[in-house]
Amino acid sequence: MTSIGPRRILLILAHPALERSRVNRRLLNAVDGVVDVRLHDLYELYPDFEVDVAREQALCQEHDLIVFQHPLYWYSTPALLKEWQDLVLEYGWAYGPGGDALVGKQLLSVVTTGGSAESYRPEGGNRHPLRPFLLPLEQTATLCGMEYLTPLVIHGTHRLGPLEIEAAAAEYREVLTGLRDGSLRLRDEQGVRCLNPSIAHGARG
Ligand SMILES: Cc1cc2nc3c(=O)[nH]c(=O)nc-3n(C[C@H](O)[C@H](O)[C@H](O)COP(=O)(O)O)c2cc1C
């Protein structure tokens, strides 16, 4: 780890329409104010996609765990988070000769999907488990010398009721607090951890 004591968490949120969000907005509220968790809303900061690379790199260096929280858009991240990666993860900084700025840090994906857990199966509409769709993020982290943690996922967002969203948000807060304190490990086991497992398994794809 890059620091002793609580891990400093940089929560990078990418949601282009947070005002219409049901799930990501609630997740964000649940961790707002948690000590050592810094919220960083990309679409609010950079509505014109003009990412301040020096500022973002400095922020990354000040934190131990970087969280990418976003809805799944076309099996990928919303565009601004891709732009962020393209610009911030520079050669000679994040990878390549001398590019060791992120070595030893951790990356955690927190992803919401419209599709149910069942739709992310070979026989489901999305034909593959969710995890392979996150491979570019995992390999980007690996190339940069980061540890990619088991992703957190909330499936079937459109069918969740307020109480179910509430429960997932509470678990999210617990997980982030545990990661901050080092009392929880999310060693990558090549799956995903559902924040709403009972709901997701019951939902249709
Ligand atoms: C442009 C767009 C693309 C989407 N692509 C996917 C997708 O590939 N797979 C999926 O399961 N859901 C997809 N969705 C559904 C979103 O993931 C879902 O609306 C979101 O997770 C809900 O979270 P929110 O309440 O925070 O907005 C897409 C939605 C939009 C608007």
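Any chance the range 135-146 includes a residue that's farther than 27 Å from residue 62 by Cα and loosely packed, with under 14 Cβ neighbours inside 10 Å? No.
Of everything in the range 169-192, what is at negative phi and not in a helix (DSSP H, G or I)? Give them in sequence order.
Keep residues of the range 169-192 that are at negative phi, which gives 169-181, 183-189, 191-192.
Those that are at negative phi and not in a helix (DSSP H, G or I): 183, 184, 185, 186, 187, 188, 189, 191, 192.
Total residues in the range 50-99 satisfying the condition of being within 15 Å of residue 16 (Cα to Cα) and within 16 Å of the ligand (Cβ to nearest atom): the figure is 15. When each of 59, 45 is tested for being without any contact (Cβ under 8 Å) to a residue 12 or more places away in the chain and aliphatic (A, V, I, L, M), the lone residue that passes is 45. The residues of the range 104-134 that are more than 18 Å from the chain's Cα centre (by Cα) and loosely packed, with under 15 Cβ neighbours inside 10 Å, listed by number, are 122, 123, 125, 127, 128.
The single condition among (1) under 20 Å from residue 34 (Cβ atoms); (2) under 18 Å from the mean Cα position of the chain (by Cα) that residue 141 does not satisfy is (1).
Each reported figure results from applying straightforward, stated rules to the coordinates on display, with no laboratory input. Just so it is clear, the structure is predicted and the values come from calculations on it, not from any experiment. Glycine gets a Cβ as well: all are built from the backbone with ideal geometry, and neighbour counts include every protein chain shown.
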